[in-house]
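Remarks on the structure that follows.
The values are calculated or read from the model by the stated rules, or taken from the named source; none is laboratory data. Keep in mind it's a predicted model, so treat the numbers as computed, not measured. Note that we place each Cβ from the backbone using ideal geometry, even for glycine, and neighbour counts take in every protein chain shown.
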Amino acid sequence: MRERIEYALIWSILKFLGLLPRPAARWAAAKLAALVFLINPAWRRVALFNLSLAFPNWTESEREQVMRKMVRNLGWVAAEFAHLPDARKNADKIMSVEGAEFDAAQKRGKGVLLLTGHMGAWELIPFARAGQEKPMYFVARPIDNPRVDALVNWYRSLSGNVPIPKDQAARGALRVLRGGGVVGILIDQNTAPEEAVFVDFFGVPAATTAGLARLARHTGAPVVPGYTYWDESIGKYRIVAEAPLVLERTDDEEADIRAYTARFNKVIEDFIRRFPDQWLWAHRRWKNRPPGEPPIYPDQKGYVPQAR
């Protein structure tokens, strides 16, 4: 029953936002996001705590301002997601695509690994590629509610893009890369320790998926950083692909994996420092800790206050 209610609620919100003109949908979704964060103060606390880890020299006022803009951005993301059925025909009004580096990387013939995260309107990146008649694959953790998972993937796949379930990521990604395709991997969320390497993110070790690094080392596919952000000056999202990263391979596989992953985290961090309100601060990015370290969030069992 709970799954059905959750599905009905999300389906209703998406349909409601999708029926509104896009500007009205963005306004309504931003108000809805603010209400959700008001009802769930724990999300607000997590966001502010994360901001204190990343920007210890900021004032509380500065962190509050970024958090409010992040909430607004999440509402806008929901509105853009609801309007994905119309995204292709309205692409010029929604986004500006800058991807010459991406096309050059794909011509190498080894496929492309897109390094990205929950930045800006991240759901628009696959649509930007599909709009150029080049659908892409993306690794996604299945949503716990299978009804909601199917609904979300239906929206994501409207332009031919194909999700790869996280538990099938290695095999599915290898198949796509062998065919010269594009695989997008979001690496900016907390990862189970058995699947992660702990490398710095804003100077604090963070459990980060090693999957992207292993694929890059095994296949030689270029890793292209890609992200999106709202550009107020043009009233659109900019979809940006940067030059492929230079990754040196040595005889020490595990050292390479750690070095690559640290580099990937630095790419994400650099983006966030440029556009701090465009990232998902409400996620517990530093939840899992290296062996022997106590929890970092105050509401976790075993938490020990740390000097910062």
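For every residue, the table says whether it meets (1) surrounded by 17 or more Cβ atoms within 10 Å (Cβ to Cβ); (2) touching a strand residue (DSSP E or B) at 6+ places or on another chain (Cβ under 8 Å); (3) among the small types (Gly, Ala, Ser).
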{"site": "Lys107", "(1), (2), (3)": "no, no, no"}
{"site": "Leu113", "(1), (2), (3)": "yes, yes, no"}
{"site": "Gly120", "(1), (2), (3)": "yes, yes, yes"}
{"site": "Glu123", "(1), (2), (3)": "yes, no, no"}
{"site": "Pro126", "(1), (2), (3)": "yes, yes, no"}
{"site": "Ala140", "(1), (2), (3)": "yes, yes, yes"}
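I want to confirm something. Restricting to the range 1-28 and keeping residues that are of a type in the set (Phe, Trp, Tyr) and more than 15 Å from Asn73 (Cα to Cα), which single residue is modelled with the lowest pLDDT?
By that ranking, first place goes to Tyr7.
State which residue pairs qualify: first residue more than 18 Å from Val183 (Cα to Cα) and inside the range 139-159, second residue among the basic types (Lys, Arg) and at pLDDT below 85 in any location, beta carbons under 9 Å apart, and separation of 6 or more residues or different chains.
Filtered contacts from the range 139-159: Asn145/Arg2; Arg147/Arg4.
Can you find a residue in the range 131-138 that is farther than 18 Å from His283 by Cβ and among the acidic types (Asp, Glu)?
Yes, there is a match, as at least one residue in the range 131-138 is farther than 18 Å from His283 by Cβ and among the acidic types (Asp, Glu).
Could you please find all residues in the range 93-105 being within 12 Å of Pro244 (Cα to Cα) and modelled with pLDDT of 75 or more?
Correct list: Ala104, Ala105.
Pull out all pairs, ordered by first then second residue, where Cβ-Cβ is under 8 Å, the residues are six or more apart or on different chains, the first lies in the range 79-108 and is under 30 Å from Leu151 (Cβ atoms), and the second is of a type in the set (S, T, N, Q) and outside any loop (DSSP other than H, G, I, E, B).
Between residues of the range 79-108 that are under 30 Å from Leu151 (Cβ atoms) and residues that are of a type in the set (S, T, N, Q) and outside any loop (DSSP other than H, G, I, E, B), the close pairs are Met95/Thr228.
Among Asp299, Asp277, Asp252, which is farther than 25 Å from Ala121 by Cβ and in contact (Cβ under 8 Å) with a residue 24 or more places away in the chain?
After applying the criteria, what remains is Asp299.
Return the residues of the range 44-90 that are buried (at least 20 other Cβ atoms within 10 Å of the Cβ) and basic (Lys, Arg); say none if nothing qualifies.
Arg63
I'd like to know if the range 97-107 contains one or more residues that are of a type outside the set (Lys, Arg) and touching a Phe, Trp or Tyr at 6+ places or on another chain (Cβ under 7 Å).
No.
State whether the residues of the range 212-229 include one that is assigned to a loop (DSSP other than H, G, I, E, B), surrounded by fewer than 21 Cβ atoms within 10 Å (Cβ to Cβ) and at pLDDT below 95.
Yes, there is a match, as at least one residue in the range 212-229 is assigned to a loop (DSSP other than H, G, I, E, B), surrounded by fewer than 21 Cβ atoms within 10 Å (Cβ to Cβ) and at pLDDT below 95.
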